[in-house]
Amino acid sequence: MSENAGPGQRNFGLDIARCAAVSMVLLSHSLGDIYSKKIPFLWYGVFIGVELFFSLSGFLIGRILLDIFDRHSTHLSLKHISRFWLRRWLRTLPLYYILYLLFLFFYNQWIYPAHFNWRNLLFLQNIASPPNGFYGESWSLSIEEWFYLGIPLLLYLAYVVFRKKIQGRHDIIFISIVALIIIIQIIARLSCPDCTPWGCIAVLFRFDAIAYGLSGAYIARFIPAMSRTRSLWTMITGLLLCLAAAIIKFRLSDRAYTGQWYYPVNGAGTILLIMGLYYFPFTKRYRAIVFTSKISYSIYLTHLTGIILPLVWFTKDTALAGTLTLWVISLLLIFVLSYITYTCIEKPFMKLRDKWLPAQ
């Protein structure tokens with residue numbers, strides 16, 4: 001297994017997954033909105049990039065939750081779950097809230113009127129349907145935040161109800177809830193024919209988005225290490241499943257019943273890809289990949305509303321509009337702004353989190 005693979009430590013394979021995910025979203029949005037020439041299937045980069053993020057989040061969060069249950073299997077309380085929530089929220093919420101308010105001010109002053117929506121503060125903007133209006137890319141964060149809130153609570157309630165019957169086998173509760181969520185969401189999407197065409201980006205129809213990553217975290221408990229060959233074949237299998245999911249997306253997405261199988265097939269593919277990367281014994285670590293991985297959250301939250309759309313607005317009647325030069329400028333500005341927000345907002349809050357609520 002790769003070094004630095006323990007909980008809370010950097011794993012280069014996961015850095016590659018995170019870098020690849022944010023790069024696909026970034027390239028799809030930037031080229032799609034800025035470059036005048038259309039690139040076939042470019043839009044799919046957003047789908048696979050976000051799905052990769054979902055599975056990666058589930059894999060990491062699953063390991064943390066399983067570790068919490070392992071350490072407190074006989075005396076788990078809401079205090080332990082609350083500690084998990086607070087650490088998550090200090091990691092994800094400060095940057096989102098600060099950027100949302102800054103972008104609102106910037107747009108209203110220099111671009112066009114953007115109305116404040118209180119639903120964005122509670123992640124209700126896409127609870128049952130696609131989000132409307134300003135800062136639409138926050139739809140994926142909404143799914144993640146509700147998952148962070150709901151899954152630990154479900155696990156805790158199941159633990160309270162069944163702890164005497166399972167006698168310490170809390171992993172049974174864990175994998176049972178993961179399987180139940182996936183099954184319920186498949187049924188929910190089948191009952192909503194309009195869901196598949198618009199991508200099922202509502203919380204109520206994508207609550208399983210991170211569950212595939214949780215299943216990978218559960219499986220990883222039984223695999224302390226993996227050979228180079230086996231991890232490589234795990235990645236190849238994951239890529240083949242992602243390819244099958246892409247075919248479903250391109251050819252069957254308009255069909256209510258067959259099109260929705262994109263999600264479980266892609267979920268299985270992305271988590272296998274992530275697990276292969278996690279276990280692969282990399283001998284070299286590239287700084288550009290690690291750097292992009294570190295600031296990936298800032299890139300996701302700043303790239304579209306913060307840089308790409310303003311650039312399109314301010315250059316729409318100039319010679320720069322639709323050029324590769326403008327695209328390169330957008331990438332440079334995105335990385336500069338993301339590094340600033342990571343350094344000035346993300347990193348200080350993470351230090352406060354680790355000071356107030358150190359990892360255990």
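Which condition does His170 not pass, out of (1) at pLDDT below 90; (2) surrounded by fewer than 19 Cβ atoms within 10 Å (Cβ to Cβ), if it passes all the others?
(2)
Could you count how many residues in the stretch 192-247 are in a loop (DSSP other than H, G, I, E, B), in contact with a Phe, Trp or Tyr (Cβ under 6 Å, 6 or more places away or on another chain) and not small (Gly, Ala, Ser)?
So the answer is 4.
Which one of Phe106, Phe84 is among the hydrophobic types (A, V, I, L, M, F, W, C), touching a residue at least 40 places away in the same chain (Cβ under 8 Å) and more than 30 Å from Pro358 (Cα to Cα)?
After applying the criteria, what remains is Phe106.
Is one or more of the residues making up the stretch 287-309 assigned to a loop (DSSP other than H, G, I, E, B), in contact with a Gly (Cβ under 6 Å, 6 or more places away or on another chain), buried (at least 20 other Cβ atoms within 10 Å of the Cβ) and modelled with pLDDT of 95 or more?
Scanning the stretch 287-309, I find no residue that is assigned to a loop (DSSP other than H, G, I, E, B), in contact with a Gly (Cβ under 6 Å, 6 or more places away or on another chain), buried (at least 20 other Cβ atoms within 10 Å of the Cβ) and modelled with pLDDT of 95 or more, so the answer is no.
Can you pull out every residue in the stretch 52-97 that is at pLDDT 95 or above and touching a Gly at 6+ places or on another chain (Cβ under 8 Å)?
Across the stretch 52-97, the qualifying residues are Phe54, Ser55, Leu56, Ser57, Gly58, Phe59, Leu60, Ile61, Gly62.
Here are the criteria: (1) more than 30 Å from Leu190 (Cβ to Cβ); (2) at pLDDT 95 or above. Tell me which single one Ala268 does not satisfy.
Unmet for Ala268, out of (1) more than 30 Å from Leu190 (Cβ to Cβ); (2) at pLDDT 95 or above: (1).
Within the stretch 209-265, restricting attention to residues that are at pLDDT below 90, surrounded by fewer than 18 Cβ atoms within 10 Å (Cβ to Cβ) and among the basic types (Lys, Arg), which residue is farthest from Ile181 (Cα to Cα)?
Arg251
Okay, residues lined up against (1) within 23 Å of the chain's Cα centre (by Cα); (2) farther than 23 Å from Ile64 by Cα:
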{"site": "Phe106", "(1), (2)": "no, yes"}
{"site": "Asn120", "(1), (2)": "yes, yes"}
{"site": "Leu153", "(1), (2)": "yes, no"}
{"site": "Gln185", "(1), (2)": "yes, yes"}
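Could you figure out which of (1) at pLDDT 95 or above; (2) farther than 23 Å from Gly136 by Cβ isn't true of Lys284?
Unmet for Lys284, out of (1) at pLDDT 95 or above; (2) farther than 23 Å from Gly136 by Cβ: (1).
Go through Val25, Val50 for me and flag whichever is under 25 Å from Trp313 (Cα atoms) and either buried (at least 21 other Cβ atoms within 10 Å of the Cβ) or among the basic types (Lys, Arg) (or both).
Result: Val25 is the single residue among Val25, Val50 that is under 25 Å from Trp313 (Cα atoms) and either buried (at least 21 other Cβ atoms within 10 Å of the Cβ) or among the basic types (Lys, Arg) (or both).
The values are calculated or read from the model by the stated rules, or taken from the named source; none is laboratory data. Bear in mind the structure is a predicted one, so any value in this text is a computation, not a measurement. Every residue, glycine as well, gets a Cβ built from its backbone with ideal geometry; the counts of neighbours run over all protein chains shown.
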